[in-house]
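Participant: If you scroll down you'll find the structure; I have some questions about it.
The values are calculated or read from the model by the stated rules, or taken from the named source; none is laboratory data. Values in this document were obtained by computation on a predicted structure and should not be read as measured data. Because the Cβ atoms are built from the backbone with ideal geometry, glycine has one as well, and the counts that use them run over all protein chains shown.
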Amino acid sequence: MAFEIGNPGLATTVQDQGRTGHYNVGIPQSGSMDQYSAELGNALVGNTAREAVLECTYLGPVLTTDSDAVIAVTGAPVDVKVNGESRPQWTRLLLKAGDQLSFGVIQGGTRYYIAVQGGIDVPEVLGSRSTYSLGAIGGFKGRKLEAGDVIPVGAPLNDGKLPPADSVPEEFRPVFAKEQQVRIVLGLYDHRLTDEGLGNLLNEEWKVTPVADRMGLRYSGPGVKWKEREQPFGAGSDPSNIVDAGYAVGSIQIPGGTQPIILHRDAVSGGGYAMVGTVISADMDLVARAAPGTATTFQAVSLEDALEARRDLAEHRNKAWSELGASR
Amino acid sequence: MTSPSTAAVQQARYTWGGDEFLFVEVAEAMSLAANFKVMSLASKLSDAGIAGVVDICPANASLLVRFDPAVLAPSALEETIRSFEQDLGNEEEQTLDTRIVEVPVWYDDPFTAEVAERFREGFHQEPGGTDIDYAAKVNNLKDAAEFIQRHHEQPWLVSMVGFVAGLPFMFQLVEQDKQLEVPKYLSPRTDTPKLTVGHGGCFGCIYSVRGAGGYQMFGVAAAPIFDPAQALEDFKDFMVFFRPGDIVKFKPVTEAEYNAIQAEISAGTFRYRQAPVTFELSKALADPEGYNRQLMEALNGI
């Protein structure tokens, strides 16, 4: 079976849990920006967490299914329409052959996910179906969807067995707020900031700018100050420059001391800007949900706190799966 | 150039990139010795096959390691790499089994010239001139021809692969006072032709894909270095050609030679000229140009 794409939307791509192991040659992990939302979509339609979904950015696609299909739309709040009639989000929906799925205006956040029973069935590249557009690999022909594309859907898993619950309870749906507190572990090159610069980073409010995509999000705010120094050989002339190094996913760089950039799942793997800290893994989905204008504060936490938050998130996620009666 | 005994013994700095990354800064400044230490640490870590190590990313003077903290405790990873660092300090000879590759380049080509023309005022230090002329000037060289000569006559070490898929950063194997240094564009371009041979700071690079970039542009490499379709023989095993530690010898080609290579690529017959070599750090540091001659001999008769 397959989905035929009428209108592709703004930037609709095939994503899954991503590919690791190739960051050393500049191939980023990719994968759904909001992993939590994407995988609960999979849970609703009887998939494991591994199946590929469609990630929709702000403006979703118009698509028609050529067979009966079991789907769910999760993630950022949006009007879901089947043949023009509203349907609930975070809930399993049954489509008939020929049904048309479309979307209204997004009401918060950035991305929502279409999960389908059997998963989006594009070939795996380096162990993942995720699209990496810049390298033109993975996903559907290595690119975002276009009108007229016919996107293959896989066969149902577990003989088509669906979980007993058909809707994610409210307490397991993420909040898509206009304010965020993002936890970071300071480190990498934070010692190169002045005390005032570090103070600005942690105590002032920063706003997500429109320059935000799968590669990273840029924030505006009061700026920071870098300590002056004689630059090491090969590092470049600005005090925010370092000898080109690997970039941690989630790391925060502040080129020229003006606008912090958080690198996300399609991160460039390295470069010559000093990083001052890294978003903890448990808050990466939160950052992915930040729309332009989101007021953000950065809270420094210890590595131990970050590890604990990671365990808490895993526990919360596993509880959501078991609440649905689904197996991850 | 600094002797290995002073450059290599400096203790690395260990710091966390959140709960999934360990960053090991071997040195703040770029040097062959620092890069060699990074590659040695990376290969020891890779050989150890430790469960929970997800990505091992050697860079110019630092190593980035991604790990799964549910499988491997951060402190255990740090202790392991620290012990490797200690072992390295006790080793007499530092060698790297690698290869030397000849990369044909059309210097001063029309593709980069066309793009450069679109990004002058507000982007470039000398909007009225070309990137190569500017590079020659800031390196106190006579003209573009001398710069091109200096660029290809001595080989380069791939000190890092990344930024985007398959892009090699390269460090020329010459003494520090002979390194070509050129500032990046004042503001990054939104376009760079695929396979542009670029330069920023002391690093050369080849842009693997078309896109944004801030390095000065001197030419285009004639053959692919990133091939997701894996059509050519050199990409049969993997879509990315370069590995950290590769040694690159640029070879200037004419327009006619460039076109002949394009025909070979279309026919699927193109192969890079390459030969295995063992790179010895102490020899490279003691007599860079003499040792380079020896390395380049490996390409003869292939």
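Participant: Applying the selection to region A:182-196, what residues are crowded, with 19+ Cβ neighbours inside 10 Å, outside any strand (DSSP E or B) and of a type outside the set (D, E, K, R)?
Facilitator: Correct list: A:187, A:188, A:189.
Participant: A follow-up question, please. Report every pair of residues separated by at least 6 positions or lying on different chains whose Cβ atoms are under 9 Å apart, first residue within region A:123-152 and within 13 Å of chain B (Cβ to nearest Cβ), second among the aromatic types (Phe, Trp, Tyr) and in a strand (DSSP E or B).
Facilitator: Matching pairs, first to second residue: A:125/A:132; A:131/A:140; A:135/B:226; A:138/A:132; A:139/A:132; A:142/A:132.
Participant: Would you please name the residue that is modelled with the lowest pLDDT, looking only at residues in region B:240-259 that are within 11 Å of chain A (Cβ to nearest Cβ) and surrounded by 21 or more Cβ atoms within 10 Å (Cβ to Cβ)? Break it down stepwise before answering.
Facilitator: Taking region B:240-259 first, the residues within 11 Å of chain A (Cβ to nearest Cβ) are B:240-244.
Then keep just the ones that are surrounded by 21 or more Cβ atoms within 10 Å (Cβ to Cβ); that gives B:240-242, B:244.
On the way: B:240: 97, B:241: 98, B:242: 97, B:244: 93.
Looking at the filtered set, the residue picked out is B:244.
Participant: What residue, among those in region B:1-28 that are farther than 30 Å from residue A:312 by Cβ and at pLDDT 95 or above, is farthest from the other protein chains (Cβ to nearest Cβ)?
Facilitator: Here is the first cut: in region B:1-28, the residues farther than 30 Å from residue A:312 by Cβ are B:1-13, B:25-28.
Keeping just the survivors that are at pLDDT 95 or above gives B:12-13, B:25-28.
Numbers: B:12: 13, B:13: 9, B:25: 7, B:26: 10, B:27: 8, B:28: 4 Å.
Here the residue is B:12.
Condition check ((1) surrounded by 24 or more Cβ atoms within 10 Å (Cβ to Cβ); (2) of a type in the set (Gly, Ala, Ser); (3) in contact with a strand residue (DSSP E or B) (Cβ under 8 Å, 6 or more places away or on another chain); (4) farther than 27 Å from residue A:141 by Cα) across all residues:
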| site | (1), (2), (3), (4) |
| --- | --- |
| B:146 | no, no, no, yes |
| B:154 | no, no, yes, yes |
| B:174 | no, no, no, yes |
| B:179 | no, no, yes, yes |
| B:196 | yes, no, yes, no |
| B:211 | no, yes, no, no |
| B:219 | yes, yes, yes, yes |
| B:228 | no, no, yes, no |
| B:231 | no, yes, no, no |
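Participant: With the checklist (1) under 25 Å from residue B:29 (Cα atoms); (2) assigned to a loop (DSSP other than H, G, I, E, B) in hand, flag the one item residue A:222 doesn't pass.
Facilitator: Among (1) under 25 Å from residue B:29 (Cα atoms); (2) assigned to a loop (DSSP other than H, G, I, E, B), residue A:222 violates only (1).
Participant: Which members of region B:25-37 meet the condition of being without any contact (Cβ under 8 Å) to a residue 60 or more places away in the chain and either under 19 Å from residue A:20 (Cβ atoms) or in a helix (DSSP H, G or I) (or both)? Show your work before the answer.
Facilitator: First pass over region B:25-37, keeping only residues without any contact (Cβ under 8 Å) to a residue 60 or more places away in the chain: B:25-29, B:34, B:37.
B:34, B:37, listed by residue number.
Participant: Let me ask something else about it. Taking region B:39-60 as the region of interest, how many residues are at the interface with chain A (Cβ under 10 Å from one of its Cβ atoms) and touching a residue at least 40 places away in the same chain (Cβ under 8 Å)?
Facilitator: Selection size over region B:39-60: 5.
Participant: Give me the residue from region B:162-189 that is more than 28 Å from residue B:118 (Cβ to Cβ) and part of a strand (DSSP E or B) and, out of that set, nearest to the other protein chains (Cβ to nearest Cβ).
Facilitator: Filtering region B:162-189 down to residues more than 28 Å from residue B:118 (Cβ to Cβ) leaves B:171-179.
Next cut, part of a strand (DSSP E or B) only: B:171-172.
Working: B:171: 8, B:172: 11 Å.
Looking at residues that are more than 28 Å from residue B:118 (Cβ to Cβ) and part of a strand (DSSP E or B), I get B:171.
Participant: Considering each of A:305, A:312, A:283 in turn, give the residue that is in a helix (DSSP H, G or I) and more than 10 Å from chain B (Cβ to nearest Cβ).
Facilitator: Values: A:305 fails: more than 10 Å from chain B (Cβ to nearest Cβ); A:283 fails: more than 10 Å from chain B (Cβ to nearest Cβ).
Of the residues listed, the single one that is in a helix (DSSP H, G or I) and more than 10 Å from chain B (Cβ to nearest Cβ) is A:312.
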